Amino acid sequence: MSAPDVFDPRQYGRGIPHDRYRHLRDHDPVAWQEEPEVLGWSAGPGFWAVTRHEDAVRVLKDSSTYSSYLGATQIRDPDPADLPFIRRMMLNQDPPHHRRLRMLVSRAFTPKRMDRFETVVRERARALLTRAVAEARAGDGTCDLVTQVTDDYALLNLTDLLGVPDTDRTLLLHWTQRVIGYQDPDEAGTPALGPDGKPVNPRSPASLRDMFDYAHTLAAHKREHPADDVMTALATDPELTAPELEMFFFLLVVAGNDTVRSAAPGGLSLLAEHPEAFDRLRNGEAAFTTAVDELLRRHPPVLTFRRTATQDTDLAGTRIRAGDKVVVFHASANHDERVFPVPFTLDLSRSPNPHISFGDGPHVCLGAHFARLQLRALYEEACRVLPAGPLELAAPPRRLVSNFINGLKSLPLRVAVSDG
């Protein structure tokens, strides 16, 4: 009997396949998955799905056996002609080269610089939530927390951090949707087709040329007009090459935006589904620091990351051959009963909470501190600004069609015309 499919991105548009994950954790924790043609994207050779927490952590930590560099970090194999280009990104490198790049960008991405934004981030969360509630009360009594709050929240915070002018923020959203949402027609639109009639990879050099041209223009501006922002730090770093600057900008724009853009509405949706947990948070019975990590555990922003085996090896009793694709399933690992007691209970005081929503090992998310800061501020302001009582959804959330990003496209909230 073949293992249940957890590859097809269309099923994630309906919901996380937790029943299938649990079956795999219990019976086939390193399971072979077919990789058929889907949504016009070419078929692949298949891969191993890693669903238990212990095995996922082992893969993420052991970069000498499970490489980010050999085949990059997406399930789908890139075009061989694009692979050298894709390998230039820090996300797709292994130590020691990865360590050098990480140290370079860490100079710009310091906790001190992140913390400086806390007041601005909090004010932004309050303003966006207040406006959404006011517009709901002036209209039909509903607001969409994704399109009216969390999309702008994540995007404007990122433009502040990078030093991108507010007038250009729509460019960042466009690039994110194009690269992250390429499996979802609502996000990506009609994909460009290559000479073979197949969709062009949105991560190919040709598809990213407009983003890179913008990065160089912005960097030149920052050298002439330096400021206390990440792009100034990168643009004036003498050790950073022009191609490395391009790839850092790509990584920060896409990963920096979509981590919070996906996690924030996911956390609010969970609080709507669990009114008793939301009450505890509002009443001060649960700390926001532990609440943020529990919401991240239940709704990780990233669903999967791929590695490639560098040698024949054994994982949980399964023989892996050199060159095989090995894919970690974060949402499954985060609900592994072997590590998390009652994993489907939303326990906002859960501690310890060793979720892997920000990865593990050498590639643990560089922006995790800033992401947690943004999420904590948003949830604190939601407790203050949103009307008293449980969060009432006007319709089910609409999910992104993707086996990579755990995104919500819509989260409609019903707002009473008056609190009293």
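Globularity index of the chain is 0.97 (Cα radius of gyration / 2.2 N^0.38 Å, N = number of residues).
As a length-normalised measure over Cα pairs under 8 Å and 6 or more apart, the relative contact order of the range 201-326 settles at 15 percent. Residue ranges 349-356, 389-396, 25-32, 329-336 sort as 329-336, 25-32, 349-356, 389-396 when ordered by packing (mean number of other C-beta atoms within 10 Å per residue, highest first). Pairs with C-alpha atoms separated by more than 31 Å, drawn from the list LYS112/LYS325; LYS112/LYS222; LYS61/LYS112, are LYS112/LYS325.
Computed over Cα pairs, the Kirkwood radius of the range 338-420 leads via Stokes-Einstein (0.890 mPa s, 25 °C) to a diffusion coefficient of 151 µm² per second. Working ranking of peptides 289-301, 361-373 by packing, defined as the average number of other Cβ atoms within 10 Å per residue, highest first, is 289-301, 361-373.
FRET efficiency for the GLU392 to THR217 pair, using the beta carbon distance and R₀ = 60 Å, is estimated at 0.85.
Overall form of the range 41-104: oblate. Here a/c, set by the Cα gyration tensor axes a ≥ b ≥ c, is 1.5 or more, and a/b is not larger than b/c. A compact globular protein would have a Cα radius of gyration near 2.2 N^0.38 Å; the ratio found for the range 38-193 is 1.34. For the chain, averaging the sequence separation of C-alpha pairs within contact (under 8 Å, six or more residues apart) and dividing by the residue count gives a relative contact order of 28 percent. Rounded to the nearest 0.05, the FRET efficiency derived from the C-beta distance between THR147 and THR313 at R0 = 41 Å is 0.35.
Summarising the amide proton neighbourhood of SER67: residues at separation of 5 or more, or on other chains, whose placed amide H is nearer than 5 Å comprise THR308, ALA309, THR310. For the peptides 313-321, 158-166, 126-134, 254-262, the ranking by packing is 254-262, 158-166, 126-134, 313-321, with the highest mean count of neighbouring Cβ atoms within 10 Å listed first. Helix screen, the chain: DSSP H segments with Cα axial length of 27 Å or more and mean Kyte-Doolittle hydropathy at least 0.5 are 242-273.
The share of accessible area on the chain that comes from carbon and sulfur is 53 percent, using a 1.4 angstrom probe.
Over all other residues within a Cβ to Cβ distance under 12 Å of TYR21, the charged ones net out to -2, with Lys and Arg as +1 and Asp and Glu as -1. A 1.4 Å probe run over the chain, with the rest of the protein chains in place, finds 41 Å² accessible per residue.
For THR290 and SER351 in one chain, what is 0.36 nm times their gap in residues minus the Cα-Cα distance, to one decimal in nm? Computed gain between THR290 and SER351 is 21.2 nm.
The values are calculated or read from the model by the stated rules, or taken from the named source; none is laboratory data. What you see is a predicted model; the values in this text were computed from it and never measured. Glycine also receives a Cβ, built like all others from the backbone with ideal geometry; neighbour counts cover every protein chain displayed. The accessibility values were calculated without ligands, DNA or RNA, using every heavy atom of the protein model including side chains. Shrake-Rupley method; radii C 1.70, N 1.55, O 1.52, S 1.80 Å.
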